[in-house]
Amino acid sequence: WHIQDPVSQRLTWNKAPVNVLVIRKIRDESLVEPFKELCRFLVEEKQMMVYVERRVADDATLSKDEAFGSIRNQLCTFREGYDDISDCIDLIICLGGDGTLLYASSLFQGSVPPVMAFHLGSLGFLTPFKFESYRTEVAKVLEGNAAITLRSRLKVKVVKDIPSDLTQVLNEVVVDRGPSSYLSNVDLYLDGRLITSVQGDGVIVSTPTGSTAYAAAAGASMIHPNVPAIMVTPICPHSLSFRPIVVPAGVELMITLSPEARNNVWVSFDGRRRQEIQHGDCIKITTSCYPVPSICCHDLVYDWFESLAQCLHWNVRKRQARLADVSDSSDTEN
């Protein structure tokens, strides 16, 4: 047996990709022209079927552009929550910030197509490609010439009186005290055993991808997305000794309200679908078997450290000045 080098993970197509989903950041007029340029390139030059959200296709700016009309009429549209496109997409291209990749992940609760993300947003930690070279970069990806990072997701189920669907989470599950002035008080179980109670503003359960998001702001370590792990990070814990921990991927975490909790808590999934958790409810979290294949610009090691330096300014400081060559008179021979 052998351990595969993660750097050797490459994109391979069993057959040439035909259907591409283009995700565009909404309410950003600066992305209209790049969006039109990309769609025209994919439809006219690459002869691909382009899928977009209906609200994107119905954008007033696009409707008024007569030159783009022929391309717009060839776009396939869908509505989130109504139309299932999970079985017909070969490739996803995101235009915007990190939120576009998180949104793309939420559209696929099962297997996720490879995702190519262009940095046209505010942060861009998860979006390594520059749009200026989109023709060359997209062509390379369509040829299968690219490295892949498999970003693990969390499979989450909220158990209440009524049945609940599973949710796939790319960044984190956040349990917080909501509008209450009291500390949240929840019990944390690991594979059915009570590990600890969390008293404070809440707790974050995140993937390695999410370790550079809310978890980093709460004091957690940043973990490379290829590390198989789940992070548990308290939010403002009422204990000086409560430090963030990392547990193996595959364990099942369960969060419930402590019996003595004075108030309910709230849970959200990648910042969406926020809901209240009461006594008797529980949140079950484990590693999903459906990761997000994120296409690298260079490779998975260089891309990640480049994002740390460029987006989070990791270990950026003014360099120490070099000492001048000064001879010590005590060491000088007479």
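Brief remarks on what is shown
Matching residues to (1) more than 13 Å from the chain's Cα centre (by Cα); (2) under 14 Å from residue 272 (Cβ atoms):
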residue: 88; (1), (2): yes, no
residue: 104; (1), (2): no, yes
residue: 110; (1), (2): yes, no
residue: 116; (1), (2): no, no
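- Taking every residue in the stretch 233-249 that is more than 10 Å from residue 198 (Cβ to Cβ) and pairing it with any residue that is polar (S, T, N, Q) and open to solvent by 70 Å² or more (accessible area, probe 1.4 Å), at least 6 positions away or on another chain, the pairs with Cβ-Cβ distances below 7 Å are 244/221.
- Flag for residue 220 being crowded, with 20+ Cβ neighbours inside 10 Å and either among the hydrophobic types (A, V, I, L, M, F, W, C) or free of Cβ contacts under 8 Å to residues at least 40 places away in the same chain (or both): yes
- Restricted to the stretch 225-334, the set of strands (runs of 3 or more DSSP E) holding at least 1 residues that are open to solvent by less than 50 Å² (accessible area, probe 1.4 Å), within 27 Å of residue 103 (Cβ to Cβ) and of a type in the set (Phe, Trp, Tyr) comprises 265-269.
- Residue satisfying all of: in the stretch 36-73; aromatic (Phe, Trp, Tyr) and over 19 Å from residue 140 (Cα atoms); modelled with the lowest pLDDT among these: 68
- Scanning the stretch 96-137 for residues being touching a helix residue (DSSP H, G or I) at 6+ places or on another chain (Cβ under 7 Å) and either assigned to a helix (DSSP H, G or I) or acidic (Asp, Glu) (or both) gives a total of 3.
- Test result for residue 165, at pLDDT 95 or above and among the acidic types (Asp, Glu): no
- Taking the criterion of being under 14 Å from residue 95 (Cβ atoms) and free of Cβ contacts under 8 Å to residues at least 40 places away in the same chain, the residues of the stretch 38-50 that qualify are 39, 40, 50.
- Helices (runs of 4 or more DSSP H) enclosed by the stretch 10-95 - at least 3 residues per element that are in contact with a helix residue (DSSP H, G or I) (Cβ under 6 Å, 6 or more places away or on another chain) and open to solvent by less than 20 Å² (accessible area, probe 1.4 Å): 32-40
- Scan of the stretch 185-207 for residues that are among the acidic types (Asp, Glu) and within 17 Å of residue 219 (Cβ to Cβ), ordered by number: 201
- Residue in the stretch 76-94 that is of a type in the set (A, V, I, L, M, F, W, C), at pLDDT below 90 and assigned by the TED database to the domain that holds residue 133 present: no
The values are calculated or read from the model by the stated rules, or taken from the named source; none is laboratory data. This is a predicted model, so every value here is computed, not measured. Cβ sites come from the backbone with ideal geometry, for glycine too, and all protein chains shown count toward neighbours. When the accessible area is computed, the model is the full protein with side chains, heavy atoms only, and any ligands, DNA or RNA have been set aside. Shrake-Rupley method; radii C 1.70, N 1.55, O 1.52, S 1.80 Å.
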